[in-house]
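The block underneath contains the structure these notes are about, expressed in structure tokens.
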Amino acid sequence: DDVYQMYAYARHLHCAKVLLLYSSQTTPVTIEATQGAPLSLTAAGVDLRQDLRVTLPEFHEQLRTLLRGQGLQL
């Protein structure tokens with residue numbers, strides 16, 4: 001359901017790339033739209049169960065890696 005909702009938002013807002021984040025560690029999956037304007041929707045997860053007081057630098061790097069995968073330079 002989340003993917004369909006993000007797809008609808010992306011089409012309405014004319015976004016070419018979408019990153020959907022979940023609050024548990026999952027392997028990123030990318031879906032490419034086959035009709036209409038180009039659209040790449042990636043669903044990924046970040047582990048929010050970890051103690052961020054200890055692992056904050058690793059958490060930041062995980063987010064940077066996911067965003068770089070969307071073409072953002074940080």
### Query
If you keep only loop residues by DSSP, which trypsin sites (Lys or Arg not before Pro) in the chain have at most 10 other Cβ atoms within 10 Å of their Cβ?
R49
### Task
Any chance you could give the angle, 0 to 90 degrees and rounded to 10, that helix 2-13 forms with the longest Cα principal axis of the chain?
60
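Kindly report the accessible area of the range 1-68 per residue (heavy atoms of protein chains, probe 1.4 Å, no ligands, DNA or RNA), in Å².
Heavy-atom SASA per residue in the range 1-68 reads 73 Å².
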### Task
Could you calculate the FRET efficiency of A33 with D1 from 1/(1 + (r/R0)^6), where r is the beta carbon distance between them and R0 is 25 Å, rounded to 0.05?
0.90
### Task
Taking the Cβ of L39 as the centre, find all other residues whose Cβ is under 11 Å away and add up their charges (Lys, Arg: +1; Asp, Glu: -1).
+1
### Task
Tell me the label-point distance for the pair A8, H60, using the 7 Å Cα-to-Cβ offset, in nm and rounded to one decimal.
3.7
### Message
Give me the extension gain from D47 to K17: residue separation times 0.36 nm, minus the current Cα-Cα distance, reported in nm with one decimal.
### Response
8.6 nm
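Given the DSSP H assignment, sum -39500 (n - 2.57) over each helix run of at least 4 residues in the chain and divide by its residue total; what's the result at 222 nm in deg cm²/dmol, nearest 500? Don't skip to the end; give the middle numbers.
Details: 2 runs with 29 residues, N = 74.
Dividing the helical sum by the residues of the chain leaves -12500 deg cm²/dmol.
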#### Entry: Three semi-axes of the equivalent ellipsoid, the chain, Cα gyration tensor, whole Å, largest first
26, 13, 9
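The values are calculated or read from the model by the stated rules, or taken from the named source; none is laboratory data. Small disclaimer: the values here were computed from a predicted structure and weren't measured. FYI the Cβ positions are ideal-geometry reconstructions off the backbone, even for glycines, and counts take in every protein chain you see. Ligands, DNA and RNA are stripped out before the accessible areas are found, and what is left, the full protein with its side chains, is counted by its heavy atoms. Shrake-Rupley method; radii C 1.70, N 1.55, O 1.52, S 1.80 Å.
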